[in-house]
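Remarks on the structure that follows.
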Amino acid sequence: MFKKLFILALSLSFMPLVGMAADNDQDKLAKALEKYEKTGKIERCVQLSRIYSSRVIDDYNILFIMKGKKAYLNTLPHRCSRLGFEKSFSYRLSINQLCNVDIITVFDSNSNIQGPSCGLGKFIEYKKKPKKE
C-alpha cells in the first residue's frame, strides 16, 4: 500500500514540471515569431535555395528563415526527442525541396552521433512585420 501511495505522490509531484515545460516552449515559440505575422498560406514544400537559415525552437517546431521577408514554421506532427536540446539536424534529399514527407535526423554535435529521425509537418508561411518608426 505504501509503495502505491509513494509512486502516486512521486508522479503527481512531476505534473507541474510538465506544464512548466509546455509554457516555456510556448514562450520560446512566441519569441521566435514576434518579428513575423502569419499569412495563412500553408505549403507542402519549400525550395532549399530559398532557405537562409533554420532555427530549432523546441522538440516540435523549426523556423525556416527564407531569403527575403518570409519565414516558414514547421510544426512536426510528433515530438522529436532531443531536437530542442541539440538544436541541430540533418536531412537527405533527392530533389531541391524540403517537404512535409521528408525526414530529419537530430545531430549531436558533441559526439557526432545521429539521434532520432522524425517526420516534418507542413510549412506555415509568415512574413516579416513592417518596422516601427
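You will find that of K67, K87, the residue that is of a type in the set (D, E, K, R), touching a Ser or Thr at 6+ places or on another chain (Cβ under 9 Å) and surrounded by fewer than 16 Cβ atoms within 10 Å (Cβ to Cβ) is K67 and no other. Determine whether F123 is touching a strand residue (DSSP E or B) at 6+ places or on another chain (Cβ under 8 Å), aromatic (F, W, Y) and modelled with pLDDT under 95. For F123, the condition - touching a strand residue (DSSP E or B) at 6+ places or on another chain (Cβ under 8 Å), aromatic (F, W, Y) and modelled with pLDDT under 95 - is not met.
Looking at the stretch 48-107 only, could you name the residues that are part of a helix (DSSP H, G or I) and either of a type in the set (A, V, I, L, M, F, W, C) or farther than 20 Å from Y126 by Cα (or both)?
Selection gives L48, L83, G84, F85, E86.
The set of residues from the stretch 27-78 being within 16 Å of V101 (Cα to Cα) and within 9 Å of the chain's Cα centre (by Cα) comprises Y60, N61, I62, L73, N74, T75, L76.
The values are calculated or read from the model by the stated rules, or taken from the named source; none is laboratory data. Note that this is a predicted model, so its numbers are computed, not measured. Heads up, the Cβs are rebuilt from the backbone with ideal geometry, glycines too, and the neighbour counts pull from every protein chain shown.
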